[in-house]
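One structure below.
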Amino acid sequence: MNASTAMQTAIRGRWAVAAIFLANGFLTGSWAPQIPVFLTRLDISKFTLGLLILLFGAGAVAAMTWCGHLISRHGSRNVLRWFGLCGSLGLLVVALAPNVPLAAIAMFIFGGSIGGMDVAMNANAVVVERRLSRAIMSSSHGFWSLGGFAGGGLGGFVIQTYGHLAHAAVVTALAFAVIAVAVGYLIGENRPQAAGHHKFTLPANPLVYLVGLMALLTMISEGAVLDWAALYLRQELGADLAIAGLAYAAFSGVMAIMRFFGDGVRNRFGAVTTLRGSAVVAAAGMLIAGLSPSPWLAIAAFALCGFGIANMVPIIFSAGGNQEGMSSGTGMSVVTTMGYSGILVAPSAIGFVAEHSSFGPIFVAMSGLLIVVLLMAGLAHRAEFAAAPAE
């Protein structure tokens, strides 16, 4: 394969993985407006809903752990094909669940498929970056947020007009079609590493765990908006279902726009300064949302929060992948595992607290977590080296 053909293949692979990020975000965003219906349809408490969301997170974390082993043996392209096509069916399985026991199984499967797909698509984006010798991670996450915006924005209206099953069926059909086309253009590693030749050990450098803590605190806040913002607007601020679905849509839509500009902003101001400014904006948005007396102000506040959080995760991930004294894969695995446990597992705890409290104070507390990230932002200086081509 000559250089021109190889570059064209890499460019097609870049857009293919972007399409899968988009589909994953669309599936995740489409779950948000389903949550109020899920609660009432199964006639469950917020505590039980929290347990079911915990199962979603447990499935995702289990798949993420297993997915790394699969990628080492079969390559990110093949693993992404499997998880992508299976993941497109997850929301429909949840929507079809007629009772709590089957819903529990469905949530675990849905979480596992989305979690495995997430790891594989991020790994494949790294492969593309190596082929193109330039960063695409921030914009890839932008496509994810764009998908979340579309899923969250349209979901409430579709559910209110046609019902939750019709909505899940349409989401499944669209996601499956996009993924089925995209997987044909994915590129893979030149030679996947064989599994099992090296004994697994945790990194000794404590800094990578502090960077992972930053990812955890940031993604707890992101998960809180995903899983609970619609219910907050619906139950505490009196919004109808269509308006409630706009909370996550506004958050994700603004996040998408900012992520497409993320690399330019970071190149101009530096990773640490960008992270600090982003954390201040995100904390302010979350604080206003938690204190809001009206749904529309809360929606605007969640949009402001999305503006801030947009580039926090890519910067933190870049810092994790560029830790001194360890491979990029080792650092990235620690930070992403800690981070995604925040967005997938921790929000279930919010349901337990909300059962005896309300969502407003919880979102105020989320702003405090983002202030902690602000105070730790100096640890992201390693992200300044992220633009160097991966070896």
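Per-structure values
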quantity	calculated
Every residue from segment 58-91 that is farther than 27 Å from Val127 by Cβ and surrounded by 22 or more Cβ atoms within 10 Å (Cβ to Cβ)	Leu91
Pairs, first open to solvent by less than 50 Å² (accessible area, probe 1.4 Å) in segment 171-183, second among the β-branched types (Val, Ile, Thr) and assigned to a helix (DSSP H, G or I), C-beta under 8 Å, six or more apart	Ile179/Ile20; Ala182/Val17; Ala182/Ile20; Val183/Ile20
Qualifying position, being open to solvent by 60 Å² or more (accessible area, probe 1.4 Å) and modelled with pLDDT of 80 or more, among Ile309, Ile371	Ile371
Filtered residues of segment 258-297 (kept if touching a Leu at 6+ places or on another chain (Cβ under 6 Å) and buried (at least 23 other Cβ atoms within 10 Å of the Cβ))	Ala279, Ala282, Ala283, Gly285
Helices (runs of 4 or more DSSP H) (entirely within segment 212-309) containing at least 2 residues that are touching a residue at least 12 places away in the same chain (Cβ under 8 Å) and within 16 Å of the chain's Cα centre (by Cα)	246-260, 295-309
Candidate set from segment 145-170 (those that are open to solvent by 20 Å² or more (accessible area, probe 1.4 Å) and closer than 20 Å to Gly253 by Cβ); member that is modelled with the highest pLDDT	Val170
Options Ser30, Ser72: the member that is part of a helix (DSSP H, G or I), modelled with pLDDT of 90 or more and more than 14 Å from Gly112 (Cα to Cα)	Ser30
Criterion: without any contact (Cβ under 8 Å) to a residue 60 or more places away in the chain and part of a helix (DSSP H, G or I) - qualifying residue of Gly84, Gly116, Gly147, Gly155	Gly116
Residues (free of Cβ contacts under 8 Å to residues at least 40 places away in the same chain and either under 17 Å from the mean Cα position of the chain (by Cα) or outside any helix (DSSP H, G or I) (or both)) located in segment 33-50	Asp43
Residue count for segment 162-180, restricted to those that are β-branched (Val, Ile, Thr) and more than 21 Å from the chain's Cα centre (by Cα)	1
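The values are calculated or read from the model by the stated rules, or taken from the named source; none is laboratory data. Here the structure is a predicted model, which means the values were calculated and not measured. Methodologically, a virtual Cβ is constructed for each residue, glycine included, from the backbone with ideal geometry; neighbour enumeration extends over all protein chains shown. Ligands, DNA and RNA are excluded from the accessible area calculation, which covers all protein heavy atoms including side chains. Shrake-Rupley method; radii C 1.70, N 1.55, O 1.52, S 1.80 Å.
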